[in-house]
Amino acid sequence: MHRTASFFILFSFICSLSAQFPVALAQELQSILDERVNFGGDHGLAGSVILADGSEWHGQAGVDGSGNPITDSTVFHGASVLKTHVAACLMLLAEEGLVSLDDSWSNYVNLDVEFYPEITIRQLLSNTSGIADYLEIAGVGEIVTTDLNHFWAPEELLEEVVNQTPDFLPGFNFHYSSSNFVLAGLIIEAVSGNGLYEELRARIWQPLGLEHTYGGAYEEYAEPRAGVWWNFTGSYDNWSSLPETSMLSFAYGCSGIVSTPSDQVKFINALLGGNLVSDSSLEQMHDFSPFSFDDWSAG
């Protein structure tokens, strides 16, 4: 039975080959997608590769939520890849002196929460703030699906959904928490004067030519949608024909991006290739927390 959510695979192969993408590698990558659909339980997938010489491969397999074949412009719920976009945006703002990563979050955002005021932006981005992950609370799936048309404001998420009891003191441990990036998104808005997705579009998406990338629930898009198969209520169900407002606005700042693999591989290629943020910023983004190796997201 096909049960898992549609998703995309991102690759950035670092090797030195000819400008023509290797035929054998292209066939091997396509066979991986085909096998996942034919035997792995997935409905539809897409993948993209950019080699170091600039040659590209884009592949698709299976069908979208409407039963139509996946194409290179079919958009997927991109989930937590948004966190890297938010981090890169804050690095760009820091490079311009508009924000300091070692400032307290409370210097920029006024919320009715019990988060430690000394938590820094750097601790948010490195998951060392201690703020509990709102996506891990009991019954979160029911919260999202009770009213699929509900638009969740980020302030509502942080003030009413996040457990206000911290996991640990800031800087003394690591836990992957999407709450950090909801707050980081609000900081971007406060600093820039623009909505989060407006700022991401202006600083990253438009300059890089990401033509099929959107802020879910905040922006309209006409591309075919891959669809959503998710275990919100304990079993994998097809949510593809139902409103996306609640599930995508609930993911503000942390996983609400809608995009394609070809757009996302352009982004990661530009970021890791030094064509988006400065070398100093990229080095900071690569700085691993020693605490993180004890977490499920080790390293």
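The values are calculated or read from the model by the stated rules, or taken from the named source; none is laboratory data. These numbers were taken from a predicted model, which means no experiment stands behind them. Heads up, the Cβs are rebuilt from the backbone with ideal geometry, glycines too, and the neighbour counts pull from every protein chain shown. For the accessible areas, the whole protein counts, side chains as well, though only heavy atoms, and no ligand, DNA or RNA atoms are used. Shrake-Rupley method; radii C 1.70, N 1.55, O 1.52, S 1.80 Å.
Entry remark, segment 235-249: residues being farther than 19 Å from residue 74 by Cα and open to solvent by 70 Å² or more (accessible area, probe 1.4 Å) number 1 in total.
Residue by residue, here is whether (1) part of a helix (DSSP H, G or I); (2) touching a residue at least 40 places away in the same chain (Cβ under 8 Å); (3) aromatic (Phe, Trp, Tyr) holds:
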residue: 232; (1), (2), (3): no, yes, yes
residue: 243; (1), (2), (3): no, yes, no
residue: 252; (1), (2), (3): no, yes, yes
residue: 258; (1), (2), (3): no, yes, no
residue: 265; (1), (2), (3): yes, yes, no
residue: 276; (1), (2), (3): no, yes, no
residue: 281; (1), (2), (3): yes, yes, no
residue: 292; (1), (2), (3): yes, yes, no
residue: 297; (1), (2), (3): no, yes, no
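Cβ separations smaller than 7 Å between residues 6+ apart or across chains give the following pairs from segment 149-166 residues that are part of a helix (DSSP H, G or I) to residues that are among the small types (Gly, Ala, Ser): 154/185; 154/253; 158/179.
Could you list, in sequence order, the residues of segment 32-46 that are assigned to a helix (DSSP H, G or I) and open to solvent by less than 40 Å² (accessible area, probe 1.4 Å)? Those that are assigned to a helix (DSSP H, G or I) and open to solvent by less than 40 Å² (accessible area, probe 1.4 Å): 33, 37. Selection of first residues in segment 46-73 that are among the charged types (D, E, K, R) and of second residues that are assigned to a strand (DSSP E or B), restricted to Cβ pairs under 6 Å at least 6 apart or on distinct chains, gives the following pairs, ordered by first then second residue: 56/50; 64/44; 72/58.
Taking segment 75-95 as the search range and keeping residues that are open to solvent by less than 10 Å² (accessible area, probe 1.4 Å) and assigned to a strand (DSSP E or B), which one is farthest from residue 182 (Cα to Cα)? If we take residues in segment 75-95 being open to solvent by less than 10 Å² (accessible area, probe 1.4 Å) and assigned to a strand (DSSP E or B), then 75 is farthest from residue 182 (Cα to Cα).
What are the residues in segment 162-176 that are surrounded by fewer than 17 Cβ atoms within 10 Å (Cβ to Cβ) and hydrophobic (A, V, I, L, M, F, W, C), if any? Once the filter is applied, which keeps residues that are surrounded by fewer than 17 Cβ atoms within 10 Å (Cβ to Cβ) and hydrophobic (A, V, I, L, M, F, W, C), segment 162-176 yields 168, 169, 172.
Looking at (1) over 30 Å from residue 191 (Cα atoms); (2) in contact with a Cys (Cβ under 7 Å, 6 or more places away or on another chain), which is the one condition that is false for residue 34? Evaluating residue 34 over (1) over 30 Å from residue 191 (Cα atoms); (2) in contact with a Cys (Cβ under 7 Å, 6 or more places away or on another chain) leaves (2) as the failure. Among the residues of segment 87-107, those that are under 23 Å from the mean Cα position of the chain (by Cα) and either touching a residue at least 60 places away in the same chain (Cβ under 8 Å) or on the phi > 0 side of the Ramachandran plot (or both) comprise 87, 88, 89, 90, 91, 92, 93, 94, 95, 99, 101, 105.
For the structure I just gave you, tell me whether residue 82 is closer than 29 Å to residue 163 by Cβ, touching a strand residue (DSSP E or B) at 6+ places or on another chain (Cβ under 7 Å) and of a type in the set (A, V, I, L, M, F, W, C). Judged against the criteria, residue 82 is a match. Of all the numbered requirements in (1) surrounded by fewer than 16 Cβ atoms within 10 Å (Cβ to Cβ); (2) in contact (Cβ under 8 Å) with a residue 12 or more places away in the chain, residue 194 misses one, and that requirement is (2). Only residues that are more than 18 Å from the chain's Cα centre (by Cα) and open to solvent by less than 50 Å² (accessible area, probe 1.4 Å) were counted in segment 225-234, giving 1. If you go through segment 54-74 and pick out every residue that is open to solvent by less than 50 Å² (accessible area, probe 1.4 Å) and under 18 Å from residue 269 (Cβ atoms), you end up with 4.
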